[in-house]
Amino acid sequence: MKILFTKIVDTALLSRELGPGISAECMEVIRTEPIKTAAFDLKNYSLIFTSVNGVRSFFGNQFKPNEDFTAKNYNKIYCVGEKTKRELRKYGFGTFKVLKNAETLSRFIIGNCQHEKFLHFCGNLAIDVLDRALPLQNISYKKITVYNTEELYPSVPEKYHAAVFFSPSGVRSFAKLNSLEGMKIFSIGETTSGELRKHTATKIFTSEENNLASIFGLIKKEL
């Protein structure tokens, strides 16, 4: 049985998690590049991160959050996913709130954070859940693009029993020149599954959490 991962995953991890009966291949379907952006004062803003790349590019541009909760103008940090939270930890910062996906974060902000002003540090192809929902509720929200994502549009002649997708942009990149029919489709989180449904009526197996452990558990259960 052959399964395609649409990003590079450590071969030792694949071998350990999938076992001898499954042959796994990895292919990059998107490419990311940080953008040079002049850092500015973050005073009075709450910060949103929805990806690891957003965190890396934010600190790469020398932004300096204030996480002193005793200070009047400290920056609350909101993020999507445990992986993004762990990346923030590497730079010495915690999170005020960690949500499962952008949709859940949007609902939380609308229900609890009406009077905050938000800056979302993200890529050029970031999904538009937050910028559709928050301004409608008169919540101050602005995207700051700190990295570019390029969809590579590979042509994949080989046939696979299953494929695993990790982002909406990865889905679009793969689906442009390749069919999603005739194989089991695994998705890391509901946001990616939403994009997959635009391209296929095939059943999509969606991991409960946005991490590799969850997707491996789902694969082992369904294959």
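Quick note: the coordinates plus some simple rules give every number you see, no bench work behind them. As the structure is a computational prediction, the values presented were derived from the model and not from experiment. Here the Cβ positions follow ideal geometry from the backbone for every residue, glycine too, while neighbour counts run over all protein chains shown.
A few notes on this one:
- Candidate cross-link partners of Lys83 among the lysines, defined by an alpha-carbon separation under 18 Å and a same-chain spacing of 8 or more, comprise Lys7, Lys97, Lys100.
- Prolate/oblate/rounded label for the stretch 184-223 (Cα gyration tensor, a/c 1.5): oblate
- Ranking Phe49, Asn73, Thr95 by Cα position along the charge dipole of the chain, where only Lys, Arg, Asp and Glu carry charges on their C-beta atoms, puts Asn73 farthest toward the positive end.
- Value at 222 nm in deg cm²/dmol, rounded to 500, when DSSP H runs of n ≥ 4 in the chain each add -39,500 (n - 2.57): -8500 deg cm²/dmol
- Sites Lys64 and Gln114 - FRET efficiency at Förster radius 25 Å, r taken between beta-carbons, to 0.05: 0.40
- When each of Ile8, Ile144 is scored by the number of other beta-carbon atoms lying within 10 Å, the sequence from fewest to most is Ile8, Ile144.
- In the stretch 42-115, Rg over Rh equals 0.95, where Rg is the alpha-carbon radius of gyration and Rh the Kirkwood radius from pairwise Cα distances.
- Cβ-placed point charges (K, R +1; D, E -1), dipole of the chain about Cα centre in debye, nearest 20: 320 debye
- Distant-in-sequence amide H partners of Ser140 (H built 1.01 Å from N, under 5 Å): Phe118
- Packing here is the average count of other Cβ atoms within 10 Å per residue, and on that basis the peptides 188-195, 107-114, 206-213, highest first, run 188-195, 206-213, 107-114.
- Pairs of C-alpha atoms in the stretch 89-141 farther apart than 18 Å represent 34 percent of all such pairs.
- Segment Leu136..Asn148, full-extension length gain: 1.7 nm, with 0.36 nm per residue of separation and the alpha-carbon distance subtracted.
- Anchor Lys43: lysines whose Cα lies under 18 Å away (excluding residues fewer than 8 positions away in-chain): Lys64, Lys72, Lys76, Lys117, Lys142, Lys143
- At q = 0.10 Å⁻¹ the log10 of I(q)/I(0) for the chain amounts to -0.49, computed by Debye summation with a single uniform scatterer per C-alpha, solvent ignored.
- If you bin all the Cα-Cα distances of the stretch 124-223 at 5 Å, starting from zero, the percentages per bin are 2, 12, 19, 20, 18, 13, 8, 5, 2, 0.
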